[in-house]
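Here, each number is a calculation from the coordinates, and none is a lab measurement. Since the structure is predicted, the reported quantities are computational estimates derived from the model, not experimental observations. Quick reminder, even Gly has a Cβ in these numbers, built from the backbone with ideal geometry, and neighbours come from all protein chains shown.
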Amino acid sequence: MEKGYRAVTVADIVRRAGIARNTFYENFSSKEDCFLAASEFAVKEALRRVVDAASKVDSWPARVNAGLSAFLHYVSSEPALARTCIVEALSAGPAAVDRYERSIQAFVPLFRMGRKVSSKGEELPTTLEETIVGGIFWILYQRIIMGQTEQIEELLPELVEFALTPYLGAESAKRIAAEAPPTPTAS
Amino acid sequence: MLDLETRERAASPERERIVEALIEIAAERGYAETTVELILERAGLDRPAFDRHFRGKYDCFLSAWQEMNEGCMREMLEAYNSQDEWPDRLRAVACEIVERLSNDADRATFAVEVLAAGDAARARRDMTMRVIASLIDAGRNEMDDPESVPHTTAEALAGSAYGQVYAKVVRGQADELPNLVPQLMSAAVMPYLGIDAGLAELSRDFDPSARYGRDVAKKSSSRKSGEPNVAADDYPPELARLPPGRHGLPREFVVHNQRERLIAGLAEAIAENGYSGTTIAHITRHAAVSRRTFYEHFSSKDECFVAAYDTVMEQLQERVSAGFESTDDWPHAVRAGISAMLEFLAAEPHLARLCMVEALVAGPVVVERYDAAIQSFVPYFQTGREGRPPEVLARLSPTTEEALVGGMVSLISRRIIAGKAEDLEELLPDLVEFTLTPYLGSEEASKVAAEKD
């Protein structure tokens with residue numbers, strides 16, 4: 001994960017993990033399979049934290065605020081994992097595109113609920129949720145590449161506003177983005 | 001007998017034939033399995049022909065990728081300028097990109113495969129993405145309060161559009177891309193023009209011909225010149241109301257010794273050929289020194305570029321710092337700093353291009369330096385927080401300064417890309433107003449912006 005997807009070999013992985021090559025192949029069929037497993041683990045964990053944080057508040061907009069806060073906290077505390085799931089997936093070519101899409105799709109339903117609170121819910125573009133999740137991923141990707149993982153949590157109000165605007169309009173979105181969410185460490 | 005295709009190939013210049021063959025092979029086999037031998041076999045050429053143009057497979061990939069990105073940027077700016085209103089401009093850009101990708105499957109696949117070449121390839125892509133983001137970001141000029149949308153919004157919209165297009169191309173579904181355009185446009189328009197304007201985009205059809213709605217002949221005739229046809233009045237309104245005119249400065253980058261001559265030579269060669277198209281022979285010719293002299297100072301083109309970049313940035317930073325320190329009054333210090341920056345870049349268009357545009361495509365080492373240099377301008381704005389009333393400070397976010405520098409650099413780069421470096425000083429009032437408004441409010445900021453020197 002320090003070297004980037006293309007440069008990592010199975011030998012690197014087993015050396016770092018302190019296991020035998022055989023053990024690697026008992027668990028994974030290939031390098032991509034191993035990356036996929038790492039990515040699935042990270043997505044599952046992120047989703048657990050997001051849902052956990054979101055369930056502590058009632059309205060959908062407040063849940064987006066709380067959930068995104070927990071997500072950014074997780075990403076900034078696990079930069080290596082984030083790098084694997086976000087940066088590498090957008091640069092590692094055809095093999096990784098499934099991984100990228102699965103990560104996006106995992107979060108799509110959480111935003112899709114916003115259509116129920118929006119007066120235009122049925123008319124909104126069908127790929128809107130992918131645009132929102134993909135946009136957030138891209139911003140994180142840029143920050144990780146620039147080595148600015150510490151500043152990721154500061155992005156919260158801007159990203160909340162970005163995510164809520166299509167459902168609620170800019171004014172309401174801005175208001176909710178300005179509210180401080182419950183601290184993610186409490187979970 | 002040569003078949004028709006082979007004859008067509010033979011008619012085109014050698015370098016172009018190699019690049020065409022590269023793109024085909026890479027699309028078929030991916031980066032790892034593409035070899036120089038396969039490329040040459042397809043192109044019907046021999047190894048010396050390859051060596052005349054490229055240093056190896058990596059160089060060949062990056063050169064082709066660089067040209068593809070440059071071509072794409074030209075086409076995008078042309079599409080953007082073919083329309084009058086912002087959403088139409090953006091739609092023209094989206095249609096242009098999608099039309100290119102869905103009509104040329106090999107190039108689309110190449111654009112995915114080339115990322116395997118590593119950080120340098122990715123940096124070139126991200127440079128193009130920054131330009132796309134700045135075209136989306138122009139939507140804020142349509143708003144009553146242009147500062148009300150976060151600067152990350154355009155970046156996020158550009159990035160997620162890329163992700164969706166990328167996935168379709170990888171899956172071999174490039175022919176479905178036109179259906180994506182109304183969806184992407186709808187999401188891109190909403191933050192700037194509101195939800196209803198965004199929904200209206202959904203009922204618009206994909207129409208690549210729409211971009212020639214205005215002055216077809218004029219626009220298409222500009223293609224051959226190799227530069228986008230960007231007249232000052234084609235810019236978004238906030239850029240167009242500026243008076244024309246430029247203040248000729250004496251050439252200040254006067255060269256005294258060989259090293260400086262080589263650096264100036266590199267800048268001229270790059271202005272002529274782009275970074276990837278520049279060879280050491282180009283540099284030594286412009287510098288009027290021998291090849292041996294080049295190697296006495298630098299081990300490679302890259303090393304020469306880094307030296308050039310550092311020299312130029314050092315000069316630029318000195319000017320800005322001197323300008324900023326010329327007065328104790330902060331708003332006027334900012335004005336003087338920006339003015340010094342624009343003056344330097346306008347007087348040295350080749351150096352401006354080198355440090356603001358080519359730096360982003362010259363590989364990760366330089367991109368890192370570029371980001372550090374951009375960051376070095378942040379403290380000038382941060383000083384502006386001192387002594388502001390609490391309600392102003394509450395309005396500022398921790399990333400305000402970074403966003404201001406980013407916005408400023410993006411406007412400057414766009415002009416340079418459009419070949420308008422010499423007119424950069426016209427941007428002064430707008431940049432002053434744009435950067436001071438968060439601290440002083442728009443009335444006070446526009447007063448400082450409107451002052452005469």
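Before moving on, here are some points about what is shown:
- The simple spin-label model puts a point 7 Å past each Cα toward its Cβ; for B:Asp302 and B:Leu393 those points are separated by 4.6 nm.
- For the stretch B:21-74 versus the stretch A:117-174, the inter-centroid distance based on Cα atoms is 38 Å.
- If R0 is 45 Å, the Cβ-Cβ spacing of B:Glu41 and A:Glu150 corresponds to a FRET efficiency of close to 0.35.
- Scaling the Cα radius of gyration of the protein assembly as shown by the globular reference 2.2 N^0.38 Å produces a ratio of 0.98.
- As a length-normalised measure over Cα pairs under 8 Å and 6 or more apart, the relative contact order of chain A settles at 24 percent.
- Solvent-free Debye scattering, log10 I(q)/I(0), computed from the Cα coordinates of the stretch A:30-187 at q = 0.12, 0.18 Å⁻¹: -0.49, -1.10
- On Cα atoms only, tilt of A:60-77 relative to the major axis of chain A in degrees: 30
- Averaging 1/r over every pair of different alpha carbons in the stretch B:318-379 and inverting the result gives a Kirkwood radius of 12.5 Å.
- Positive minus negative residues near B:Ala271 (Lys, Arg vs Asp, Glu; Cβ under 10 Å): -2
- Extension reserve of the B:Glu85-B:Asn179 stretch, reckoned as 0.36 nm per residue once the Cα distance is removed: 31.6 nm
- Length-normalised contact order for chain B - Cα pairs under 8 Å, 6+ apart - percent: 14
- Counting Lys and Arg as +1 and Asp and Glu as -1 over every other residue whose Cβ lies under 12 Å from the Cβ of A:Tyr74, the net charge comes to -1.
- Ranked by how many other Cβ atoms sit within 10 Å of their own Cβ, fewest first, the residues B:His332, B:His286 fall in the order B:His332, B:His286.
- Charge dipole (chain B, unit charges on Cβ, about Cα centre) - positive-most of B:Ser413, B:Ser397, B:Ala43: B:Ala43
- Cα shape, the stretch B:54-121, gyration tensor, a/c 1.5 rule: prolate
- Counting other Cβ atoms within 10 Å as a rough exposure proxy, the listed residues B:Ser290, B:Ser397, B:Ser203 run B:Ser203, B:Ser290, B:Ser397 from fewest neighbours to most.
- Three-way shape call for the stretch B:106-190 based on the alpha-carbon gyration tensor, with the a/c threshold at 1.5: oblate
- The stretch B:406-453 and the stretch B:347-371 have Cα centres separated by 21 Å.
- Distance between the 7 Å Cα→Cβ label points at B:Glu142 and B:Glu14: 5.0 nm.
- Of A:Lys120/A:Lys174; B:Lys420/B:Lys452; A:Lys116/A:Lys174; A:Lys174/B:Lys420; A:Lys31/B:Lys301; A:Lys56/A:Lys116, pairs whose Cα-Cα distance is over 26 Å: A:Lys174/B:Lys420; A:Lys31/B:Lys301
- Extension gain, B:Val365 to B:Ser446, is 25.3 nm, computed as 0.36 nm per intervening residue step minus the present C-alpha separation.
- Least to most buried among B:Met341, B:Met129 (fewest other Cβ within 10 Å first): B:Met129, B:Met341
- Gyration tensor (alpha-carbon) shape descriptor, the stretch B:329-453, a/c threshold 1.5: oblate
- Spin-label zone in the stretch B:139-165 - amide nitrogen under 16 Å from a point set 7 Å from the Cα of B:Ile374 along the C-beta vector: B:151-159
- With the gyration tensor restricted to C-alpha atoms of chain B, the semi-axes of the equivalent ellipsoid amount to 38, 31, 19 Å, longest first.
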